[in-house]
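The values are calculated or read from the model by the stated rules, or taken from the named source; none is laboratory data. Since the structure is predicted, the reported quantities are computational estimates derived from the model, not experimental observations. Here the Cβ is made from the backbone with ideal geometry for all residues, glycine too, and neighbour counts use every protein chain on show. Ligands, DNA and RNA are excluded from the accessible area calculation, which covers all protein heavy atoms including side chains. Shrake-Rupley method; radii C 1.70, N 1.55, O 1.52, S 1.80 Å.
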Amino acid sequence: MTYARKNSGSKPFIAGLLLTATALTGCGQDDINRKYQGKYELDLQLDTGAKVAEGDLDVGFNVYNDDEAIISMNKLLCTLSASYNGKVAGPGADGGEVEYELLRDVRPDQILACPVPAEFGENLWLQFRLGTGRVENKKLTIDYSGTVQRGTLEELAAGGGTRVGAFGYTFQGNEVALP
């Protein structure tokens, strides 16, 4: 289940956020810190009809504690978490066996639910159900789906909101050098 929380500006929230940021940037961070540039496509099936958003996207990628990946998509105002497995062998595109990195259980971070782009309406949020990703030959592919919820951040945080559709999302990008 997606958890949404409003930033009420309270000191305990800010202290918790600072503690989390310190933990993520200090101990426990692996050397994996990458950036991918590519294209995304968001297919929405809403009660008001089908909508598609697509475009260029930069994705930040990092792994913490050896088994958790963080995927940041600033243009979409969304940060995702995923279970990370860095050494998986399986069939490649040419039929031979290749080694790749696997992302499972892609989900929004625990601070905010991911918003639907504003041009499709207000108070629409992506609630992730299924998601996987793969890094192979310096290419990141993410594919996930879920439901679209309508409501305020407070309603979502309380487990409310109204289901108004479903979505599918894909991203494909190539690794680029960090500045």
Quiz item: What percentage of the solvent-accessible surface of the stretch 72-170, computed with a 1.4 Å probe over protein heavy atoms, is contributed by carbon and sulfur atoms?
Solution: 50 percent
Quiz prompt | Label zone at residue 119 (point 7 Å along Cα-to-Cβ), backbone N below 14 Å, the stretch 39-70 | solution = 40-44, 51-57
Exercise. Could you point to the residue in 121, 135, 89 farthest towards the positive end of the stretch 59-176's charge dipole, with +1 and -1 charges on the Cβ of Lys/Arg and Asp/Glu respectively?
Key: 121
Quiz item: Per residue, how much accessible area does the stretch 59-176 have with a 1.4 Å probe, in Å²?
Solution: 50 Å²
Practice problem: Name the long-range amide H neighbours of residue 114: under 5 Å, sequence gap of 5 or more, or other chain; modelled H, no Pro or chain starts. | Solution: 126
Practice problem: Highest first, please rank the peptides 88-100, 41-53, 135-147 by the mean number of other Cβ atoms sitting within 10 Å of their residues. | Solution: 135-147, 41-53, 88-100
Quiz prompt | Rounded to the nearest 10 Å², the accessible area of residue 150 at probe 1.4 Å | solution = 100 Å²
Quiz item: Using the Karplus equation 6.51 cos²θ - 1.76 cosθ + 1.60 (θ = phi - 60°), what ³J(HN,Hα) coupling, rounded to whole Hz, does each residue of the stretch 58-71 give in order, writing x for Gly and Pro?
Solution: 9, 10, x, 9, 8, 10, 10, 6, 6, 9, 10, 9, 10, 10
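Which value, in debye to the nearest 20, describes the size of the charge dipole of the stretch 59-176 about its Cα centre when Lys and Arg Cβ atoms bear +1, Asp and Glu Cβ atoms bear -1, and nothing else is charged?
Dipole about the Cα centre, nearest 20: 280 debye.
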Quiz item: Counting only the heavy atoms of the protein chains, how much of residue 78 is accessible to a 1.4 Å probe, in Å² to the nearest 10?
Solution: 10 Å²
Quiz item: Hey, with R₀ at 30 Å, roughly what FRET efficiency would residue 45 and residue 77 work out to, going by the Cβ-Cβ distance, to 0.05?
Solution: 0.90
Self-check item: Extended-chain gain in nm, criterion 0.36 nm per residue less alpha-carbon gap, residue 172 and residue 66
Solution: 35.8 nm
